[in-house]
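The structure under discussion appears below in the form of structure tokens.
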Amino acid sequence: MYLKMFVLSGSALILWLAPLTALDKRIGWHKAIQGLSLGAAIACAVSAGNIARKLADENEIEEIKTRAITADVVDEIATSAYVSQSQRQQEAEIILASPMEIEAKREALEALCSENFQPETTANTSDKDARDLELWWKVEAAQIEGKTQTWIIENIFKMKGRKFAEGKAQLAELLRRFGDA
């Protein structure tokens with residue numbers, strides 16, 4: 001396209017200047033050739049101008065595409081940075097969680113992992129107290145997990161239906177004995 005534009009521009013210039021310098025102005029048909037040459041020069045110049053305008057429009061479109069791609073890349077980078085910052089903030093919040101929460105979760109995990117654990121019984125604690133303490137650990141772990149009292153009674157105490165009231169009383173007793181400890 002550029003070559004065509006340059007050739008047309010050069011031809012227009014030559015067609016305009018050549019008759020003026022090469023032809024004799026006194027001969028009649030030379031003036032007609034000068035007119036034709038000038039008309040051809042104008043046509044070449046107009047064609048070259050049209051090509052130049054078309055090239056300018058294409059360059060403008062390419063520039064718009066480039067800006068759009070750049071904007072997309074910048075947006076992608078900004079989004080990635082935001083997501084990364086959010087993840088780091090969540091991780092920091094988890095790390096900075098209160099020691100009480102961490103300790104409670106650790107105890108709950110310990111209780112879940114050691115269901116077969118039998119607590120030491122001393123001369124002052126009976127087997128019933130040891131069983132109640134183990135049951136309390138399970139209840140406490142379920143509460144930390146967010147389980148309801150109904151779930152605890154039905155799944156840990158294994159008391160459903162008619163025995164549900166008895167399980168509710170047993171849970172209240174455990175809460176009274178070990179809840180504040």
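Checked against the criterion of being at negative phi and surrounded by 11 or more Cβ atoms within 10 Å (Cβ to Cβ), the candidates Ala92, Ala48, Ala68 yield just one match: Ala48.
For region 58-90, taking the residues that are closer than 30 Å to Tyr2 by Cβ and hydroxyl-bearing (Ser, Thr, Tyr), the one that is farthest from the chain's Cα centre (by Cα) is identified as Thr66. So if I check each of Lys147, Lys138, Lys158, which one is in the same structural domain as Ala172 (by TED's automatic domain parsing), surrounded by fewer than 10 Cβ atoms within 10 Å (Cβ to Cβ), over 33 Å from the mean Cα position of the chain (by Cα) and modelled with pLDDT of 70 or more? Only one candidate passes the filter, namely Lys158. For first residues located in region 156-181 and part of a helix (DSSP H, G or I), partners that are of a type in the set (S, T, N, Q) and lie 6+ apart or on another chain with Cβ distances below 7 Å form the pairs Leu171/Gln149.
The values are calculated or read from the model by the stated rules, or taken from the named source; none is laboratory data. Bear in mind the structure is a predicted one, so any value in this text is a computation, not a measurement. With ideal geometry, Cβ positions are generated from the backbone for all residues, glycine too; neighbour counts draw on all protein chains shown.
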